[in-house]
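Everything below concerns the one structure shown next.
The values are calculated or read from the model by the stated rules, or taken from the named source; none is laboratory data. Computed from a predicted model, the values in this text were never measured in an experiment. Cβ placement follows ideal geometry from the backbone for every residue including glycine, while neighbour counts extend to all protein chains displayed. For the accessible areas, the whole protein counts, side chains as well, though only heavy atoms, and no ligand, DNA or RNA atoms are used. Shrake-Rupley method; radii C 1.70, N 1.55, O 1.52, S 1.80 Å.
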Amino acid sequence: MAKVLVVGGGGREHAIAKAMLASPQVTTVYCAPGNPGMQLDLIQTVAIEALDFVALVAFAHEKAIDLTFIGPEVPLAAGIVDAFQAAGLTVFGPQQAAARLESSKVFAKQFMQRHQIPTADYQLFHDLATALTASRQGSLPQVIKVDGLAAGKGVTVAATYDQAAAALTQAFATTDTVLIEAYVAGFEFSQMVLVGGEHYVMLPTAQDHKRLRDNDQGPNTGGMGAYSPVPQVTPAITQATIDQIVVPTLAGLKAEHLSFEGVIYVGGVITPTGPQVIEYNLRLGDPETQILLPQLQSDFYQVILALIHHQQPAVHWQTTATYLGVVLAAPGYPGPTKKGVAVPTLAGADYASVTGTPQQLVSAGGRVMMVTAHAANLKAAQTAAYAQLDQLNVGPLIYRTDIGQQGLAEK
Ligand code: GLY
């Protein structure tokens, strides 16, 4: 019987831990640092931070952990997988060198150019004055990207030159490497792929809702809700994503001698010439994971172990329902948030930035929980998720009331 360690503490890690615990082979799932909401699902939380590699490795040895799954991007970019592998431990996630596909937007863009993977044109700048001049000469809208991890908040889509100038000024206050990218209009989707060398498993398609407010208004967030599958992402688009993005990405990693056992998350956009990559992430999406992993009908532990050993697992996903989830956040998110706000307890919810006890959870950060539902179609799933929310005493917690709208707009 197996023991699993999940590193991270958000809703994504809650969903990963639940999927691992559902395996008949897994007796115990630890989550470091986790959060007290996870304890409602018998996940054992461990008070070790995700960047404390020495303590995590020692814990994995002490508890004879069979598999460690790394949730968030920050420890991946800092080399947690290299540390676990050097200690002889079995771990799922990219090594630091490959994690640059997410941690450096410049590296990702140059990688896509080297391997003819479709993505928007861009220019790279190392000083504000040159960037401002190029911005004024460029067309609108334009996308300003900071080169580095920014928790989903390092990208600005500027509709005016003044907005672009403000974003560039803010970006150069904290970094010396900024990209200006052509804006690609189109339907955005998330395609996650579990990878083990040349073997891969496509997850169902999903769509995140990055803006804070209804009708995609307000500032960017880590994600306010998601649904899956996405009607606009047809089987033909998924096949094009495999042929033009996934397979060339795996071939590119191999050509560059970047050994890979982990997640490739394609942030994609559908254009008239086919899907393009907006960005790569090298971990599962949050909040998409919370509505993707419940669709898995196979043994998640076995699937991940097979990929680590570069074997092709047999994987089955449900195909008859739509899954939808709504994120609740503390007042102030994505800016400074109010701490100590009561967070309701709900069986089946995925918890994130909460503290307190499982019976009396309170906010400790931005996104605090996600309420999910599934039903025969998208409209019914939306209705079911919001019906659950209506039963909760959410107090001042904030959430969007239109998760799923773009999917419902499909004729
Ligand atoms: N849902 C967006 C992300 O995980 O980056």
Review point. Size of region 6-56 along its principal axes in angstrom, Cα-based, largest extent first?
Key: 30, 21, 15
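Might you report the magnitude of the Cβ-based charge dipole of region 183-319 about its Cα centre, with Lys and Arg at +1 and Asp and Glu at -1, to the nearest 20 debye?
Details: 5 positive and 12 negative charges, 19 e Å.
In total the dipole reaches around 80 debye.
Can you tell me the length gained on complete extension of the stretch GLN359 to TYR161, counting 0.36 nm per residue apart and subtracting the Cα distance?
Numbers: separation 198, 0.36 × 198 = 71.28 nm, distance 4.97 nm.
Result for the pair: 66.3 nm of gain on full extension.
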Point to revise | Note, ³J(HN,Hα) from phi for region 337-344, Karplus 6.51, -1.76, 1.60, rounded to Hz, x at Gly and Pro | key: 10, 7, 8, x, 6, 4, 10, x
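Once the other residues with Cβ under 15 Å from the Cβ of GLY197 are scored (Lys, Arg +1; Asp, Glu -1), what is the net sum?
Numbers: positive: LYS254; negative: GLU198, GLU256, GLU261.
Charge balance near GLY197 sits at -2.
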Study note, to complete from the structure: Once both label points are put 7 Å beyond Cα along the C-beta direction, the SER298-GLN391 separation in nm becomes 3.4
**Study point:** Cα coordinate range in the chain, projected on the principal axes (Å, largest first)
**Key:** 60, 49, 42
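Provide the three semi-axes, in whole Å and in decreasing order, of the ellipsoid equivalent to region 1-123 as defined by the square roots of 5 times the Cα gyration tensor eigenvalues.
On the way: eigenvalues 180, 49, 33 Å².
Each semi-axis is the square root of five times an eigenvalue, giving 30, 16, 13 Å.
When the convex hull of the Cα atoms of region 185-249 is projected onto a plane and the area is averaged over all directions, what value comes out in nm²?
Quarter of the Cα hull surface area: 5.4 nm².
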**Study point:** Cα-only radius of gyration and Dmax that characterise region 51-174, units Å
**Key:** 18.9, 59
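If the only charges are +1 at each Lys and Arg Cβ and -1 at each Asp and Glu Cβ, what is the size of the charge dipole of the chain around the Cα centre, to the nearest 20 debye?
With Lys and Arg at +1 and Asp and Glu at -1, about 460 debye.
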Point to revise | Hz values of 3J(HN,Hα) by residue in region 294-299 - Karplus curve (6.51, -1.76, 1.60), Gly and Pro given as x | key: x, 7, 6, 9, 9, 7
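How large a share of the accessible area of the chain, in percent, is made up of carbon and sulfur atoms when the probe is 1.4 Å and the other protein chains stay in place?
Values: 8800 of 16330 Å².
Exposed carbon and sulfur together represent 54 percent of the surface.
Could you tell me which of rounded, prolate or oblate describes region 278-319, using a ≥ b ≥ c as the square roots of the eigenvalues of the alpha-carbon gyration tensor, with rounded for a/c under 1.5 and, failing that, prolate when a/b is larger than b/c and oblate otherwise? Write down the numbers at each step before the final one.
On the way: a/c = 2.27, a/b = 1.24, b/c = 1.84.
Note, shape of region 278-319 comes out oblate.
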Exercise for review: Report, to two decimal places, the Cα Rg of region 121-265 normalised by 2.2 N^0.38 Å (N = number of residues).
Suggested key: 1.20
Revision key, fill the gap. Between ALA173 and ASP121, Cβ-based FRET efficiency (R0 45 Å, step 0.05) works out to 0.95
Review point. Ordered by residue, what ³J(HN,Hα) values in Hz, to whole numbers, does region 212-225 give under the Karplus form 6.51 cos²θ - 1.76 cosθ + 1.60, where θ = phi - 60° and Gly and Pro are x?
Key: 5, 10, 3, 6, 6, 10, x, x, 5, 10, x, x, 9, x
